[in-house]
1. If a residue has to be within 9 Å of chain A (Cβ to nearest Cβ) and assigned to a helix (DSSP H, G or I) to count, how many in segment B:182-194 make the cut?
2. I need a count of the residues in segment B:159-181 that are in a helix (DSSP H, G or I) and either facing chain A (nearest Cβ under 10 Å) or over 20 Å from the mean Cα position of the chain (by Cα) (or both).
3. Take the conditions buried (at least 19 other Cβ atoms within 10 Å of the Cβ) and in a loop (DSSP other than H, G, I, E, B) and apply them to B:T239. Does it pass?
4. Return a yes/no flag: does segment B:195-207 have any residue that is surrounded by 22 or more Cβ atoms within 10 Å (Cβ to Cβ) and more than 14 Å from chain A (Cβ to nearest Cβ).
5. Within segment A:63-113, take every residue that is surrounded by fewer than 20 Cβ atoms within 10 Å (Cβ to Cβ) and at positive phi and give me the one that is farthest from the other protein chains (Cβ to nearest Cβ).
6. Hand me the list of helices (runs of 4 or more DSSP H) wholly inside segment A:35-148 holding 2 or more residues that are under 30 Å from B:H287 (Cβ atoms) and of a type in the set (D, E, K, R).
7. Taking the stated definitions as given, is A:R160 surrounded by 17 or more Cβ atoms within 10 Å (Cβ to Cβ), in contact with a helix residue (DSSP H, G or I) (Cβ under 8 Å, 6 or more places away or on another chain) and not assigned by TED's automatic domain parsing to the domain that holds A:A131?
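The values are calculated or read from the model by the stated rules, or taken from the named source; none is laboratory data. Predicted model, so just to flag it, every value in this text is computed and none were measured. Glycine also receives a Cβ, built like all others from the backbone with ideal geometry; neighbour counts cover every protein chain displayed.
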Amino acid sequence: MTAEAAVSADRVRGPEMIRMAGVHKQFANGTVAVRDMNLTIRQGEFISFLGPSGCGKSTALKMIAGLLSVSAGEITVNGHRPGEQTGGQDTGFVFQEATLMPWATVFDNVFLPLRLGGMRRREARDRVEEALASVGLTRFARAYPRELSGGMKMRVSIARALVTRPRLLLMDEPFAALDEMTRFKLNNDVLKLWERHGLTVIFVTHSVFESVYLSSRVVIMAARPGRVVSEIDLAGDHPRTDRYRNSPAYAENCRVVSAALEETLDHVDIDH
Amino acid sequence: MSTSTTELTAAAAGIAASGSAAEPDMRRRIARGAARERRLRVLMPLGALAIALAIWEGLVWYHEVPHYLIPAPSRIAATLASDFGSLLPSMWFTVKLTLLSLLLAIVGGVALGMVFALSRLVEISLFPFAVILQVTPVIAIAPLILIYVHDTFVALLICAWIVAFFPILSNTAIGLRSADHNLRDLFTLYQASPWQRLRLLLVPSALPYFMAALKIAGGLALIGAVVAEFVAGTAGQNTGLASRILESSFRNEIPRMFAALFLVSLLGVVIFLLTSFLSKAVLGHWHESEIKREN
């Protein structure tokens with residue numbers, strides 16, 4: 001099955017960026033959120049964590065961001081422990097909700113990471129405007145979040161994640177709450193940003209179609225306990241455009257990924 | 001979500017309509033409607049108040065009610081004018097007492113609220129004291145405070161403070177904890193200092209709660225000040241409006257009583273308007289509670 005999906009695994013890759021070795025996460029209530037996770041992510045990859053709810057994909061993402069501690073095992077990001085990079089400016093994070101400060105303008109929301117890094121407003125102006133331009137919101141710098149639609153709020157959130165010019169972008173089901181039209185559009189936006197900025201992206205989703213459309217590698221996870229069950233390389237199919245979305249290759253990839261995902265659901269049934 | 005979409009659609013419609021001939025006319029009509037609504041918002045309550053006073057005046061004249069039972073508004077106004085010299089210092093006293101106790105309630109409530117928000121342990125240890133202070137009627141504690149504290153003004157201040165303190169404390173503590181969890185994570189990710197976290201995240205998140213508390217505490221401080229003074233029953237030069245009311249009641253000077261009562265109410269209304277204005281100024285541009293919705 002994986003052999004079918006590995007359309008072309010030999011795409012040239014950058015150096016190793018993230019290494020997870022024997023990572024284990026158990027919460028205080030005894031729930032094992034992630035069990036023995038081993039994963040290597042190279043610079044420039046677009047990785048999806050795909051799986052049913054409760055499979056630990058968000059937990060894994062938050063551990064990579066340094067927002068959650070690791071119970072056992074080790075994570076390194078560029079050779080450092082998560083959260084140890086200077087000023088945290090090297091990682092961008094996009095949450096499921098836009099998570100904007102309602103009391104601040106779009107400009108100030110995007111400015112926040114630089115401000116926390118000690119930059120003055122005047123020094124940051126160009127960077128903030130550039131980030132807003134990259135998501136097409138230049139005209140809305142002075143608007144407040146409540147004046148924006150759901151999709152626009154999400155784009156502000158992406159601009160905020162990009163304003164520090166991070167090398168790593170972590171996205172936790174960012175488009176799950178949006179309508180399909182908006183999601184397609186933002187999918188394309190994210191792909192463009194990934195290519196233009198040479199980002200490494202980890203994208204958590206429970207949508208097979210989204211993961212196949214976006215990623216160069218899909219990491220499929222199963223629940224109870226959360227664990228990686230398979231990895232499917234999709235690096236061969238480029239460029240990712242609406243044409244790819246309508247191609248037989250895309251349909252075939254979706255079929256393969258769906259089948260792999262269904263297998264994880266079967267596991268759950270056997271367990272119980 | 002639905003409101004923001006409506007606003008956007010409205011904004012888009014505005015952009016689309018600009019340049020067309022009908023647009024200035026429509027804008028004028030909307031502006032006229034808004035101005036009319038603003039006028040009505042002031043005129044309607046004033047009109048209702050004037051009518052109520054007129055009915056009062058008319059009934060008193062028609063039934064020839066003696067002024068020592070219910071004085072007519074005109075008589076109260078006349079008393080207010082003639083006794084203004086003696087009522088003004090009393091009003092100033094009550095104003096001082098109320099505002100000072102409110103200020104101390106804010107300082108104490110916010111400071112302790114911050115400590116509560118920082119340490120759950122301190123909160124569970126000290127919260128019972130705050131609750132006991134709050135639930136025990138101030139009128140029952142006031143005599144004790146008046147015995148223990150020599151300076152009457154300070155004793156009154158403590159009474160008013162006790163009443164106004166609790167809402168500020170409890171709302172500040174809740175407000176500081178109410179910051180969005182993802183935003184907290186974001187501040188952690190960017191390694192914000194504790195000071196940055198407080199100033200840029202926790203304080204703005206707590207503001208709506210604090211403002212709600214301020215509106216309540218403003219009124220409570222006045223009630224506390226008046227009640228405490230009633231209990232103290234102080235007389236003489238350096239006393240507040242409550243003493244004037246008591247004094248007039250002893251002397252059966254009912255119009256003067258009404259005049260003092262009017263000043264107390266006026267003070268309460270002014271405090272309410274000030275805190276409402278402040279709340280609108282601070283939250284108006286972002287918080288749901290102060291945003292005017294179009295329908």
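1. Qualifying residue count for the region: 7.
2. Number of matching residues: 3.
3. Against the criterion (buried (at least 19 other Cβ atoms within 10 Å of the Cβ) and in a loop (DSSP other than H, G, I, E, B)), B:T239 qualifies.
4. No, segment B:195-207 contains no residue that is surrounded by 22 or more Cβ atoms within 10 Å (Cβ to Cβ) and more than 14 Å from chain A (Cβ to nearest Cβ).
5. Per the criteria, the residue is A:G73.
6. Ranges flagged: A:106-116, A:121-134.
7. It is false that A:R160 is surrounded by 17 or more Cβ atoms within 10 Å (Cβ to Cβ), in contact with a helix residue (DSSP H, G or I) (Cβ under 8 Å, 6 or more places away or on another chain) and not assigned by TED's automatic domain parsing to the domain that holds A:A131.
For (1) under 15 Å from the mean Cα position of the chain (by Cα); (2) among the hydrophobic types (A, V, I, L, M, F, W, C); (3) under 19 Å from A:S58 (Cα atoms), each residue gets a yes or a no:
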position	(1), (2), (3)
A:P166	yes, no, no
A:T182	no, no, no
A:L199	yes, yes, no
A:H206	yes, no, yes
